[in-house]
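Trainee: Below: one structure in structure tokens.
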Amino acid sequence: MLETLGAKLKPGGAWQAFGTVDEACWDSSPPQPVVSKDDFIVTVSAGMRLDDLQAHLEPFGLALPFVPIVPSPGRRLGEWIGQNVPHQLEGTFRSWRDWVLGGTMLLSDGSVARSGARVTKSVAGFDAHQLPIGTHGTLVVPVELHLRVVAASRVAWPAPVQHSGPFWIQRVLRTDFEAACQQSGLLWSDPETATCALSQRPGFCPEHSWWMDERGVGPLSPLQRETWLRAKAQFDPDGRLAGVPE
Amino acid sequence: MSQHSLTDLTSHCIRCGFCLEDCPTFKITGEEHESPRGRIYLVRSAEEGKLDWDEARPHLDRCLGCRACETACPSGVEYGAILELARERLGAKPATKMLLSGLTDSRKARLQFQLGAMMPGKRMPALLSKWVSGETPEANIPRVGTVREWPTVDESALPPIRGEVALLMGCVMQVLYPDVHEATRRLLRRVGYRVHDVLGGCCGALHAHSGMTKEAGDRLTDLKQQLPPGMPLIVNSAGCGSTLKESDLKEQTLDASEFLLANGLVEVIRSGREQRVRLTYHDACHLAHGQGVRSQPRELLRAIPGIEFVELEEADTCCGSAGIYNIQQPLLARRLLERKWEFVQQSGAQIVATGNPGCHAWIAQRAEEAGQQVQVLHTLQAIEMACSGMLA
Amino acid sequence: MLTGDAVRWGAAVDRAYDCDAYTVDRSAPAAVVLPSTEQEVQAVVRWCVASRVPFTPRGAGTGLSGGAMPALGGVVISTKRLNRILEVDLPNQRLHAEAGVTNSALSKAVAHAGLHFAPDPSSQTVSTLGGNIAENSGGPHTLKYGVTAPHILTVRVVSPNGEMQEFGRRVVGGPGPAWERLVVGSEGLLGVVVSAWVHLTPVPKAVQTVLVALPTIRAASDAVASVIASGIVPAALEMMDRNILMALKVAFGLEFPADTAALLLLECDGEPKQVEEDFARMLAILKGFAPLELRVASDEAERKSLWTARKKGIGAMGRLAPTIVTHDGVIPPSTLPDMLEFVYAVAAREGIGVANLFHAGDGNLHPCFYFDDRDPKQVESVVRAGEEIMRKCLELGGSLTGEHGIGVEKVGLMHAMFGPEDMALQRRVKELFNPDTLCNPCKLIPDQKGCVEHMVRWRGVAT
């Protein structure tokens, strides 16, 4: 059934999801994206690499306005979604939660379910296609995505930040932004979203701020975590997908 | 009044709910059945036999009849007409009839108010109020008004007489506010009009609003007989003006502020002495929502030299007076008055101007309770006082 | 715990609360409760759970899919007395308000600082924050600014089993799941929203607006498709057809060129230079479609007057017939020309009036049927036509609803959009937050226990 959905999962002892990337899970040659140029929508396999998608969109004059703070070539769309890390164009174009309009997900019981729609605006049903975003492949595995894209001419591509080694991303209230930027190891900052990237774990943690490492892992609120664990029991009772990070 | 049936009138409501936040009783209760949309639905249901009229009654009783919902309604639902017809179906309560028979006969009213002034306390006896409303009274018994000592006007400085207009003395108005009539006469003279007082009679507005449509019609017929044919009928009471404008007198009827503005009063006001005072304006419902008269009084007031005109927050939300509402629904009326008063205080105004006797007396009562730091005047009183150099 | 005037019942109350702005189905509550604090909401929900009584949250009751209809009776929990703005944080462009505050009041509270709450449903002067969150409301300007979801930082809810929960963060994003994204748009099934922190957006520095009269529906829908395809993101791109113009003429005396088949209202906003550039390009595109008239607003007053046609359109429909039902479906904008022809054909075949006034830019249609709901035959025709149009939307790759929600109106159509495995996923999302059957039953998910036999009854009340 999965073949017809445009992505191939290789059978194994466990479904392995994007949070803990296992190349073997995904067929390396996903089918071509389906581009609706005039409607600014592309349907794409979650196993596609970000760079390949951008290259595919280019002849249509379209682009996904996503620029990682520190480049990470070769990473697949599903991984980016599972990690949901902030990016350089977020202030203007927002991020995955607004771009993923719908799609198809693989559930741990082997069923394949759709949610959302292939149009920019739909409130039909719960937004179950939000489930894979930021959840590191722990709940469902994204298979096919309907993404909202933009005219490439509208995007001013910022220069990537050159950095190797681990880094942290922190977002604060605007009123704390200046102080946040004074921390040592500042790699990048964006006043629009009051976000900065640091080469070390932030020491300045004012109220309401949050941070995550480059994999999108960071502290959670008790309710957020508790609900995540309940969701895990609901969507993956047998623990076939990646575990909820500590 | 509209000739349509109640079913037709109510069926134009598409239940969009855009009226809700403009309805004073919905704003303070948050209850659907105390909103225009809810009331229209109840009336329609009762008319279609799906609800007992008696079940709808308390919610229609609590309607102020301010018609703010008509201003808000995108579908043009004639709420005022629906309310009057519904109240006619329900029939006026004996207490309402009693109240109106006194109020709308100026001789009786004068007598009652004079007697009232001799009784202990300022309000209607509690027992009587219980009979009328089931609640303790909030509104003071009105006092018979007097005319202040206006300075004599220099006749030589006035323009020549160019015409004559009729001025409605009204029922309550001539007992409570003869001074407003005097101010109106003086202002009309300042723009070259002689005034013919239409003394007797009542336009029937209060009866119509209570669903006593036959009584209202009879009064209107009597009034018509007293009018010199074709002469403009000037009205300085919003409730009366709105009723007259919906009758076959609509061609001749004008609110005094409309007529005065159209006849050049602004120039006259501007030539007066400077009046350094902060003033705000409360829209009487039957002027703003009933007649669409909003800008005219403001333009006149703003023309007063030296005036600091401040807009009142929620200026066109009912103060709770609403004809005899503050006698029939004392608690809700008081909550609306308190809300109005909060905004008056926020505005920092020393004077509140308004164009209707009901609002005038009700807000003035609140000003009195607060120790008179704020003066409440009819718009025309304020303007004539400015022209006579006695406002500030 | 509740004050005396917070609980209401009786024949009139039951009647008044038996539907919202969607009137085809009706069902009366047993009682209405109007709590003034979140503790009171919690107490009511707990009582309902303990007593096994269904409960349905309600804001202003302006919803258009029956989301606030108490489908199985029980208690309606009105949020209209939760009407305080609790905290305004201007430097951080956010605000904390209770669920019953109106959408417009949020913007009004921060207008002095040049900010506003961006989602702008047509009902914004009355519809509540809680209702906007439940329905994930859209509006004309969501084409550029997005629907309600991206503007909500946190939601505080009383969960269906009576617990107080706050999802989300006071700054956007963050590690891990964003449960608030599931609560927004959940149509009141996942709990009663009591308050929320919302993100505020600066009022744009420059705005340019144009109203274009076009001679054919085809020209208008082609123009829409071309503007969208150009890559410009207008702040709003609205379309009104001939029947709307007729209603506007009857209601407000608004005049348009005689041969106008459709009006387009387009707006660009943002930084002055960008606006000027985009607007000029947009006008050039529009001129290619032989417009009968092209009115550009020269100032704010004129801009408002151009918007009058759009804002008052639906209300004006009330003057054409006793009942209107506004449908809501989405198609890819590129298929707009075909879709509109289909809508007219269906209405003609069913013998009912239809007018179209909608968010053309994002393909969000609002075919508006006008009829007399006292005639059961006409009601049947309207329901049938609505269904047919929805199926066409799906056929073209669209959605059942862009902003009105599923509610009770379209619950029977969910199977047309989603297969059994898709619906199983939907049910699992519901059960994660609402494993019981009491919180807003019979909405969104078809065939819920105890609902099927009631559907006949709802419709029975309407006619």
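Trainee: Being within 9 Å of chain A (Cβ to nearest Cβ) and part of a loop (DSSP other than H, G, I, E, B) is the filter here; which residues of segment C:136-167 pass it?
Mentor: C:N136, C:S137, C:G138, C:G146, C:V147
Trainee: Going by the structure shown, is A:R97 of a type in the set (K, R) and in contact with a Leu (Cβ under 8 Å, 6 or more places away or on another chain)?
Mentor: In short, no.
Trainee: I would also like to ask the following. Select from segment B:72-85 the residues that are aliphatic (A, V, I, L, M) and within 13 Å of chain C (Cβ to nearest Cβ) and list them in ascending order.
Mentor: B:A72, B:V77
Trainee: Let me ask another. Within segment C:398-418, track down each residue that is at the interface with another protein chain (Cβ under 7 Å from one of its Cβ atoms) and either among the small types (G, A, S) or in contact with a Cys (Cβ under 6 Å, 6 or more places away or on another chain) (or both).
Mentor: C:G398, C:S399, C:G402, C:G405
Trainee: Can I ask one more? Does B:S101 satisfy being in contact with a helix residue (DSSP H, G or I) (Cβ under 8 Å, 6 or more places away or on another chain) and surrounded by fewer than 17 Cβ atoms within 10 Å (Cβ to Cβ)?
Mentor: Answer is yes for this residue.
Trainee: Follow-up. Counting residues that are within 14 Å of chain C (Cβ to nearest Cβ), acidic (D, E) and surrounded by fewer than 18 Cβ atoms within 10 Å (Cβ to Cβ), which strands (runs of 3 or more DSSP E) fully inside segment A:144-246 reach at least 1?
Mentor: The strands (runs of 3 or more DSSP E) meeting that bar are A:210-213.
Trainee: A follow-up question, please. Give me a count of the residues in segment C:420-439 that are touching a strand residue (DSSP E or B) at 6+ places or on another chain (Cβ under 7 Å) and either more than 7 Å from every other protein chain (Cβ to nearest Cβ) or in contact (Cβ under 8 Å) with a residue 40 or more places away in the chain (or both).
Mentor: 2
Trainee: Ok, one more. Please state which one of A:F60, A:F40 is more than 9 Å from chain C (Cβ to nearest Cβ), within 22 Å of C:V227 (Cα to Cα) and open to solvent by 10 Å² or more (accessible area, probe 1.4 Å). Please lay out each step first, then the result.
Mentor: Working: A:F40 fails: more than 9 Å from chain C (Cβ to nearest Cβ).
Testing whether each residue is more than 9 Å from chain C (Cβ to nearest Cβ), within 22 Å of C:V227 (Cα to Cα) and open to solvent by 10 Å² or more (accessible area, probe 1.4 Å) leaves just A:F60.
Conditions tested, residue by residue: (1) open to solvent by 20 Å² or more (accessible area, probe 1.4 Å); (2) assigned to a helix (DSSP H, G or I); (3) among the aromatic types (F, W, Y).
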| residue | (1), (2), (3) |
| --- | --- |
| C:R15 | yes, yes, no |
| C:C48 | no, yes, no |
| C:T56 | no, no, no |
| C:G63 | yes, no, no |
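Trainee: May I ask you to verify whether C:R170 is farther than 20 Å from C:R310 by Cβ, among the charged types (D, E, K, R), open to solvent by 10 Å² or more (accessible area, probe 1.4 Å) and assigned to a loop (DSSP other than H, G, I, E, B)?
Mentor: For C:R170, the condition - farther than 20 Å from C:R310 by Cβ, among the charged types (D, E, K, R), open to solvent by 10 Å² or more (accessible area, probe 1.4 Å) and assigned to a loop (DSSP other than H, G, I, E, B) - is met.
Trainee: Still on this model: Across segment B:57-71, which residue is nearest to the chain's Cα centre (by Cα) among those that are crowded, with 22+ Cβ neighbours inside 10 Å and away from chain C (no Cβ under 12 Å)?
Mentor: Among them, the one singled out is B:C66.
Trainee: Picking from B:L332, B:L249, B:L312, B:L300, which residue would you name as being open to solvent by less than 40 Å² (accessible area, probe 1.4 Å), touching a residue at least 40 places away in the same chain (Cβ under 8 Å) and closer than 27 Å to B:G192 by Cα?
Mentor: Details: B:L332 fails: closer than 27 Å to B:G192 by Cα; B:L249 fails: touching a residue at least 40 places away in the same chain (Cβ under 8 Å); B:L312 fails: closer than 27 Å to B:G192 by Cα.
Being open to solvent by less than 40 Å² (accessible area, probe 1.4 Å), touching a residue at least 40 places away in the same chain (Cβ under 8 Å) and closer than 27 Å to B:G192 by Cα holds for just one of B:L332, B:L249, B:L312, B:L300, which is B:L300.
Trainee: Just to check your reading of the model, which residue among C:V346, C:V330 is within 30 Å of C:V227 (Cα to Cα), over 23 Å from the mean Cα position of the chain (by Cα) and of a type outside the set (D, E, K, R)?
Mentor: That would be C:V346, the only listed residue that is within 30 Å of C:V227 (Cα to Cα), over 23 Å from the mean Cα position of the chain (by Cα) and of a type outside the set (D, E, K, R).
Trainee: Further, regarding this structure: Within segment B:17-52, count every residue that is in contact with a strand residue (DSSP E or B) (Cβ under 9 Å, 6 or more places away or on another chain) and either part of a loop (DSSP other than H, G, I, E, B) or more than 8 Å from chain C (Cβ to nearest Cβ) (or both).
Mentor: The number of residues fulfilling the criteria is 2.
Trainee: In addition: Among the residues that make up segment B:177-184, is at least one of them surrounded by fewer than 20 Cβ atoms within 10 Å (Cβ to Cβ), touching a residue at least 60 places away in the same chain (Cβ under 8 Å) and touching a Pro at 6+ places or on another chain (Cβ under 8 Å)?
Mentor: no
Trainee: What strands (runs of 3 or more DSSP E), lying completely within segment C:273-380, carry at least 2 residues that are surrounded by 14 or more Cβ atoms within 10 Å (Cβ to Cβ), hydrophobic (A, V, I, L, M, F, W, C) and more than 14 Å from chain B (Cβ to nearest Cβ)?
Mentor: The qualifying strands (runs of 3 or more DSSP E) are C:293-296, C:353-358.
Trainee: Among (1) within 14 Å of chain A (Cβ to nearest Cβ); (2) open to solvent by less than 10 Å² (accessible area, probe 1.4 Å), where does C:E395 come up short?
Mentor: C:E395 satisfies all of (1) within 14 Å of chain A (Cβ to nearest Cβ); (2) open to solvent by less than 10 Å² (accessible area, probe 1.4 Å) except (2).
The values are calculated or read from the model by the stated rules, or taken from the named source; none is laboratory data. In this text, all values refer to a predicted model and were calculated from it rather than measured experimentally. Please note: Cβ atoms are built from the backbone with ideal geometry, for glycine as well, and neighbour counts cover all protein chains shown. When the accessible area is computed, the model is the full protein with side chains, heavy atoms only, and any ligands, DNA or RNA have been set aside. Shrake-Rupley method; radii C 1.70, N 1.55, O 1.52, S 1.80 Å.
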